[in-house]
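Asker: Just dropping this structure here.
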Amino acid sequence: MSNYDKVMKLALERGFYFPSCEIYADAPAGFWEYGPTGVSIKNKFIDLWRRELVRRDGMMEVDGCQIMSKSVFVASGHIGNFTDPIVKCTKCNSIFRADRFIEEKTGQRVPERLSNEEIDSLLKNNGLKCPNCKGDFGPVSRFNMMFRVGIGPAGEEAYLRPETCQSIFVDFSRVFKTMRGRLPLGIAQIGKSFRNEIAPRQSLLRLREFYQAEIEVFCNPKRLDDVPRFDEVKNTTLRLFKDGDGAVIAVSAGEAVEKGLIPNRLVAYYLALLTEFYEKTGIDVSRSRFRRLSDEEKAFYASVAFDFEVETSTGWLELVACNYRSDYDLKGHAETSKEKLEVVDPADQQKVLPHVFELSMGIDRSLYTILEHSYYEEQAKDETRAVLKLKPYLAPVLVGILPLMTKDGLGEKARRIHSDLKRDFDTFYDESGSIGRRYRRLEEAGAPFAITVDQTTMQDDTVTVRYRDSMQQVRVKVPDLAQFLRDSLLIK
RNA sequence: GCGACGGUCGUCCAGUUUGGUCUAGGACAUCAGAUUGCCAAUCUGGUAACCCGGGUUCAAAUCCCGGCCGUCGCACCA
């Protein structure tokens, strides 16, 4: 069984995530829901993101709407660039990207701005047929990855946002003014985005409705090396990779800038913050890399782009897109809306239209990767022990509270300890089955600790605390438990 | 979206070839009770499934058609 399958099984069995609307046969692909344990780890992941990125860097957070007006996407370029010309075979219904298909077959460039009719005649003049069945093509149509919605009784055209960042761009002016912003300013947002993927696959890895944690750093393009906090990260190791170059180069952030591997300190600073963040999620960053994208691969708005990728059982998985978007977005919104979006940079009292460096994180993929990198099996006696070695601050259950047996007042004592702790910590009380079985259940669910109430507890008011990973036990006084657990949650 | 293969308790699997003792079986998980009492113990009992819709038939988990979902390959992935 592949690791993907193991994580999938664990997710279904333990309520991390599962298909949306699964009791109905017409449930569409690409939609998944988080169950109780999944929500818990997701919320904790987001808390960690706020701590390590938003608060650390003094960013501001907003929460925008998921439905946005058509104009937003005219300005962003999604209405133009997000539509692909497609043709469908009239015989076997295969669908092809018309422009790419023509380029591939004839070698001639197909400009983006050709009309459907012009592409039609290109197909006809070159005598192109369906490569699968030699059937004729129907007329060229447009496929847009955005979900269109109709507002009000007239069905006014609007869209579900395909990326959360557009909210940040349209909010930028007000946030900057009212919150007394200064460049560089990070504005962050957690929220859902929607893309009508042609072929969603692999549960959380390719969704039609998904969570993004995005950060847009607004900056003055003349001051991209003016990063006061750069010293904090100059020794942080960045793992850089470029297709064709072969191996990953591990260099410090400072060195990466000096050697020109990264164009400026601002970009290097945020790549370093991101690396430090992911290290704290428990993902094995020695299996990660920042892949510098070639011009062909980059999004239409990006001038420099790095993908943060992590190795999983499904191959290299893109968790974060880091794009230098220049002034592409603010310029587009300024032109379309006729609003002035320049701000004054106090450094030189000059007006500037800020440039943007973006960290666009896929939350669902990150959570999947945390689960996969945290899961391991080891032989314990004749049995395989399955453990989810989640960090305490990400674990849905921090501690299980188990009476060794229910008689002699041990059950009551354990329930009392549970009720004293449950409002401050994620606890789980369990008295069913043998003690060994309960330990195994907890470690498979990722709980770092188990508290066991035994006969000694009744004499000296101590319990054993068992560590998930080492299976070692220590005795702790009951009144000290809360402090013990608080200490375990510290993020180092 | 195309093609190949597949879809049975929470999970994994048997049953489908050759329609009928299938009133759908097992393992693990889970629940209750008994027993035990520090690393998946034992016993007893219970809950729990044929993806959806249509068709053929005296009879469908099994055959046929359509849809949905999944895996893989192709294509797609701003």
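Asker: Looking only at region A:388-435, filter to residues that are near RNA strand B (Cβ under 9 Å from one of its atoms) and β-branched (Val, Ile, Thr); which one of those is nearest to A:GLY282 (Cα to Cα)?
Answerer: A:ILE435
Asker: Moving on to the next point. Which residues, counting only those in region A:278-297, are over 14 Å from A:PHE357 (Cβ atoms) and buried (at least 17 other Cβ atoms within 10 Å of the Cβ)?
Answerer: Our first condition is that a residue be over 14 Å from A:PHE357 (Cβ atoms); within region A:278-297, this holds for A:278-289, A:291-297.
Scanning region A:278-297 gives A:TYR278, A:LYS280, A:THR281, A:GLY282, A:ILE283, A:VAL285, A:SER288, A:ARG289, A:ARG291, A:ARG292, A:LEU293.
Asker: Has region A:257-277 got any residue that is under 30 Å from A:SER20 (Cβ atoms), open to solvent by less than 30 Å² (accessible area, probe 1.4 Å) and away from RNA strand B (no atom under 16 Å from the Cβ)? Break it down stepwise before answering.
Answerer: Filtering region A:257-277 down to residues under 30 Å from A:SER20 (Cβ atoms) leaves A:274, A:277.
Narrowing further to those that are open to solvent by less than 30 Å² (accessible area, probe 1.4 Å): A:274, A:277.
Filter once more, keeping what is away from RNA strand B (no atom under 16 Å from the Cβ): A:274, A:277.
Checked against the condition, which is being under 30 Å from A:SER20 (Cβ atoms), open to solvent by less than 30 Å² (accessible area, probe 1.4 Å) and away from RNA strand B (no atom under 16 Å from the Cβ), region A:257-277 yields at least one hit.
Asker: In region A:72-85, is there at least one residue being part of a helix (DSSP H, G or I), within 16 Å of RNA strand B (Cβ to nearest atom) and modelled with pLDDT under 80? Before the answer, list the steps.
Answerer: Of the residues in region A:72-85, the ones part of a helix (DSSP H, G or I) are A:72-76, A:78-81.
Now drop any that are not within 16 Å of RNA strand B (Cβ to nearest atom), which leaves A:72-76, A:78-81.
Pick out the ones that are also modelled with pLDDT under 80 and you get A:80-81.
Taking every residue of region A:72-85 in turn, at least one turns out to be part of a helix (DSSP H, G or I), within 16 Å of RNA strand B (Cβ to nearest atom) and modelled with pLDDT under 80.
Asker: For A:ALA321, are the conditions met, namely being open to solvent by 10 Å² or more (accessible area, probe 1.4 Å), small (Gly, Ala, Ser), within 13 Å of RNA strand B (Cβ to nearest atom) and assigned to a strand (DSSP E or B)?
Answerer: Working: open to solvent by 10 Å² or more (accessible area, probe 1.4 Å): yes; small (Gly, Ala, Ser): yes; within 13 Å of RNA strand B (Cβ to nearest atom): yes; assigned to a strand (DSSP E or B): yes.
Taking the combined requirement at face value, the residue satisfies it.
Asker: Oh, and also: So which residues in region A:354-405 are touching a residue at least 24 places away in the same chain (Cβ under 8 Å), part of a strand (DSSP E or B) and among the hydroxyl-bearing types (Ser, Thr, Tyr), if there are any at all?
Answerer: Within region A:354-405, A:SER360, A:TYR375 meet the criteria.
Asker: Would a scan of region A:11-23 turn up a residue that is more than 11 Å from RNA strand B (Cβ to nearest atom) and either farther than 30 Å from A:ARG325 by Cα or among the aromatic types (Phe, Trp, Tyr) (or both)?
Answerer: From region A:11-23, those more than 11 Å from RNA strand B (Cβ to nearest atom) are A:16-17; that's our starting set.
Adding the requirement that they be either farther than 30 Å from A:ARG325 by Cα or among the aromatic types (Phe, Trp, Tyr) (or both) leaves A:16-17.
Within region A:11-23, one or more residues are more than 11 Å from RNA strand B (Cβ to nearest atom) and either farther than 30 Å from A:ARG325 by Cα or among the aromatic types (Phe, Trp, Tyr) (or both).
Asker: Still on this structure, I have one more. Given the criterion at positive phi and of a type outside the set (Ser, Thr, Tyr), identify the matching residue among A:ARG239, A:ARG180, A:ARG174, A:ARG208.
Answerer: Numbers: A:ARG239 fails: at positive phi; A:ARG174 fails: at positive phi; A:ARG208 fails: at positive phi.
On inspection, the qualifying residue turns out to be A:ARG180.
Asker: Give the residues of region A:405-415 that are within 16 Å of A:ASP460 (Cβ to Cβ), surrounded by fewer than 21 Cβ atoms within 10 Å (Cβ to Cβ) and modelled with pLDDT of 90 or more, sorted by residue number.
Answerer: Restricting attention to region A:405-415, the residues satisfying the condition of being within 16 Å of A:ASP460 (Cβ to Cβ) are A:408-410, A:413-414.
Add one more test, that the residue is surrounded by fewer than 21 Cβ atoms within 10 Å (Cβ to Cβ), and what stays is A:408-410, A:413.
Once the filter is applied, which keeps residues that are within 16 Å of A:ASP460 (Cβ to Cβ), surrounded by fewer than 21 Cβ atoms within 10 Å (Cβ to Cβ) and modelled with pLDDT of 90 or more, region A:405-415 yields A:GLY409, A:LEU410, A:LYS413.
Listed here are the residues, each with its yes/no results for (1) buried (at least 19 other Cβ atoms within 10 Å of the Cβ); (2) within 16 Å of RNA strand B (Cβ to nearest atom).
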{"position": "A:LYS177", "(1), (2)": "no, no"}
{"position": "A:ILE187", "(1), (2)": "yes, no"}
{"position": "A:ILE190", "(1), (2)": "yes, no"}
{"position": "A:GLU197", "(1), (2)": "no, yes"}
{"position": "A:ARG201", "(1), (2)": "no, yes"}
{"position": "A:LEU204", "(1), (2)": "yes, yes"}
{"position": "A:LEU207", "(1), (2)": "yes, yes"}
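The values are calculated or read from the model by the stated rules, or taken from the named source; none is laboratory data. Being a predicted model, the structure only gives us computed values, none of them experimental. Virtual Cβ from ideal backbone geometry, glycine too; neighbours counted across all protein chains shown. All accessible areas refer to the heavy atoms of the entire protein, side chains included, with ligands and DNA or RNA removed. Shrake-Rupley method; radii C 1.70, N 1.55, O 1.52, S 1.80 Å.
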